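One structure is given below, encoded as structure tokens.
The values are calculated or read from the model by the stated rules, or taken from the named source; none is laboratory data. Note that the structure is a prediction, hence the values are computed from the model and not measured. Glycine also receives a Cβ, built like all others from the backbone with ideal geometry; neighbour counts cover every protein chain displayed.
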Amino acid sequence: MENAQLPLPEEPSVPGQAATILTGAFPHRKNTVIAEVLCRVLNREKLTSLDAVRTASTTRAAAVVYALTRGYGWPIRARPLVVQTADGRHATVAEYYLSDEVIEAAALRGSHAWCADVVAARAAQRQQGHRG
């Protein structure tokens, strides 16, 4: 996995241009993995694919990040993170996050209330899954 290509650069801005803080669109459906991952990075969590399995019940973190960046316009960043495997080797994985500026701009657009709705919708979905 050492030669794996990361899908996004850590610094997406173009040199020599004034930085514009862009936020994307909030997904309409709030009981989805896409909404939960967005909510988590808006809450300053940094997620790897293993984190996404544990917290958002998805094994496809890169696909979710792709959907959020390309489909919803969120400037999610990725940086390489070296982790130790159970057998002592080292692997490089992507760690996904949003910049502080984007998080603050999203807060002005109502991200806190949107995330509260996502947390409630995902909890209800999980509860219903345990009953069935």
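Among the residues of segment 70-106, those identified as over 15 Å from the mean Cα position of the chain (by Cα) and in a loop (DSSP other than H, G, I, E, B) are THR85, ALA86, ASP87, GLY88, ARG89.
For ALA25, indicate whether it is modelled with pLDDT of 95 or more and farther than 16 Å from ARG122 by Cα. When the stated conditions are applied, ALA25 passes them. So which of THR59, THR85, THR32 ends up being without any contact (Cβ under 8 Å) to a residue 12 or more places away in the chain and touching a helix residue (DSSP H, G or I) at 6+ places or on another chain (Cβ under 8 Å)? Step by step, each of THR59, THR85, THR32 is checked, and only THR59 is without any contact (Cβ under 8 Å) to a residue 12 or more places away in the chain and touching a helix residue (DSSP H, G or I) at 6+ places or on another chain (Cβ under 8 Å). Taken across segment 111-125, residues that are surrounded by 11 or more Cβ atoms within 10 Å (Cβ to Cβ) and more than 20 Å from THR32 (Cβ to Cβ) do not occur at all.
Taken together, the criteria exclude ALA91 from residues that are surrounded by fewer than 12 Cβ atoms within 10 Å (Cβ to Cβ) and of a type in the set (A, V, I, L, M, F, W, C).
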